[in-house]
Amino acid sequence: MKIILILLLTITLISQGYSVLDSVSDAEIKSLSETLYKLDHNRATASELVIDPQTLISSSETGSKDDLSSQPLFKQVSSTLLSKPTYKALLDLLDNYRRVTGEAEDVPSQEVQEQDTFLQQTMNTDVGRELYNFLHSKGVYSSQSEFIQDLKMMWFGLYSRSSGKLDSSGFEHIFAGEIKGGKVSGFHNWLQFYLNEKQGLLNYYSHSFNGPWTTYPDVLGMQFEWDGYFKEVGSAIIGSSPEFDLAIYSLCYITRPGKKCYVSLGGQTLGIQTYTWDNSSYGDGKKYIASAYPATP
């Protein structure tokens with residue numbers, strides 16, 4: 001009878017949205033994120049990355065659409081940094097997407113291989129291994145291959161944001177950026193920002209938030225125009241490695257899906273906001289990631 005009651009209680013808790021991840025405390029998230037921060041050996045150094053934030057505006061001015069910065073945000077990015085395996089793997093992915101929602105994505109076998117390469121390269125780093133080891137210790141994943149497969153579905157699985165077309169994924173929204181309703185949607189990766197700025201497709205206007213960090217990674221909340229479309233506040237971790245972004249966002253999404261998750265980077269607290277995609281699912285009802293970004297004031 002006791003076993004039956006325990007089983008019934010477990011089923012009830014699961015049906016109400018509880019899981020083993022509720023055993024992951026806020027303190028554990030902060031501790032792990034601090035460890036990931038220290039293990040991010042591929043982050044940019046001051047000699048590898050030079051930025052010029054220029055004009056700081058108030059939060060009440062973010063919708064003004066005024067170009068208040070005469071120079072690009074990125075002054076210098078080292079080719080040595082961009083040639084590192086995880087950076088190269090991310091760069092190979094960023095040109096795979098149709099940015100306007102409502103246009104179905106085509107994913108040929110080469111792009112699937114690029115997804116696999118990116119995920120495997122991240123798992124070849126101390127950051128990727130540390131995240132897996134933590135989640136494995138919590139019983140979330142039984143093997144690294146299971147973890148990678150879930151990340152692939154969570155990040156790259158397609159769903160529809162518009163017109164019933166399979167036009168979006170968490171990766172596209174967060175790392176590459178999209179255009180929806182005449183505005184920039186998502187777009188929370190500094191490498192994508194740099195590439196588009198370098199190509200003349202992105203015009204940096206100003207920033208409304210600059211984090212307290214004096215070394216990379218830092219956090220900026222930025223105003224910019226991307227190929228004719230405006231972003232009122234696009235926040236991104238600046239100077240972090242691709243594996244760090246993937247790990248921090250995945251940690252928060254897996255342990256605090258659809259909520260604000262508080263991490264610690266170099267002794268400073270940062271909120272990461274995630275959102276679940278609730279209109280479709282994969283596997284046994286798992287939800288795709290809809291968005292994740294640094295929550296700036």
Checklist outcome for this item: Note on region 155-172: residues open to solvent by 10 Å² or more (accessible area, probe 1.4 Å) and part of a helix (DSSP H, G or I) are Phe156
Checklist entry - Looking at region 18-36, is at least one residue among the small types (Gly, Ala, Ser), within 24 Å of Leu220 (Cβ to Cβ), open to solvent by less than 80 Å² (accessible area, probe 1.4 Å) and in contact with a Cys (Cβ under 9 Å, 6 or more places away or on another chain)? => result yes
Item to check | Those residues of region 238-285 which are more than 22 Å from Phe74 (Cβ to Cβ), touching a strand residue (DSSP E or B) at 6+ places or on another chain (Cβ under 6 Å) and not hydroxyl-bearing (Ser, Thr, Tyr), in sequence order | outcome: Cys252, Pro257, Gly258, Lys260, Cys261, Val263, Gly271, Ile272, Gln273, Trp277
Checklist entry - Going by the conditions given, is Tyr275 of a type in the set (Ser, Thr, Tyr) and under 14 Å from the mean Cα position of the chain (by Cα)? => result yes
Item to check | Set Lys165, Lys152: member being over 20 Å from the mean Cα position of the chain (by Cα) and within 19 Å of Pro108 (Cβ to Cβ) | outcome: Lys165
Item to check | Qualifying residues in region 130-148 (those that are touching a helix residue (DSSP H, G or I) at 6+ places or on another chain (Cβ under 7 Å) and in a helix (DSSP H, G or I)) - the one surrounded by the fewest Cβ atoms within 10 Å (Cβ to Cβ) | outcome: Gln144
Checklist entry - Can you tell me which residue in region 65-116 is nearest to Asn196 (Cα to Cα), limited to those that are among the hydroxyl-bearing types (Ser, Thr, Tyr) and touching a residue at least 12 places away in the same chain (Cβ under 8 Å)? => result Tyr97
Next on the checklist: Condition check: in a loop (DSSP other than H, G, I, E, B), open to solvent by 50 Å² or more (accessible area, probe 1.4 Å) and touching a Ser or Thr at 6+ places or on another chain (Cβ under 8 Å). Does Gln54 satisfy that?
Outcome noted: yes
Checklist entry - Restricting attention to region 248-262, and to residues there that are over 14 Å from the mean Cα position of the chain (by Cα) and more than 18 Å from Lys138 (Cα to Cα), which single residue is surrounded by the most Cβ atoms within 10 Å (Cβ to Cβ)? => result Tyr262
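One line per residue, one yes/no per condition, for (1) touching a strand residue (DSSP E or B) at 6+ places or on another chain (Cβ under 8 Å); (2) part of a helix (DSSP H, G or I); (3) surrounded by 16 or more Cβ atoms within 10 Å (Cβ to Cβ):
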| residue | (1), (2), (3) |
| --- | --- |
| Glu114 | no, yes, yes |
| Thr117 | no, yes, yes |
| Gln121 | no, yes, yes |
| Gly128 | no, yes, yes |
| Asp150 | yes, yes, yes |
| Met153 | yes, yes, yes |
| Ile174 | yes, yes, yes |
| Ile179 | yes, no, yes |
| Glu197 | yes, yes, yes |
Checklist entry - Quick one: what pairs do we get from region 209-230, first residue modelled with pLDDT under 95, second of a type outside the set (Asp, Glu), C-beta under 6 Å, 6+ apart or different chains? => result Asp227/Leu201
Checklist entry - Here are some residues: Ser69, Ser78. Which one is hydroxyl-bearing (Ser, Thr, Tyr) and buried (at least 16 other Cβ atoms within 10 Å of the Cβ)? => result Ser69
Item to check | Residues that are within 13 Å of Ser235 (Cβ to Cβ), in a strand (DSSP E or B) and touching a residue at least 60 places away in the same chain (Cβ under 8 Å), drawn from region 271-297 | outcome: Ser291, Ala292, Tyr293, Pro294
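The values are calculated or read from the model by the stated rules, or taken from the named source; none is laboratory data. What you see is a predicted model, and the numbers here were worked out from it, not measured in a lab. When we count neighbours, we look across all protein chains shown, and the Cβ atoms used for this are built from the backbone with ideal geometry, even at glycine. Surface accessibility is based on the protein's heavy atoms, side chains included, excluding ligands, DNA and RNA. Shrake-Rupley method; radii C 1.70, N 1.55, O 1.52, S 1.80 Å.
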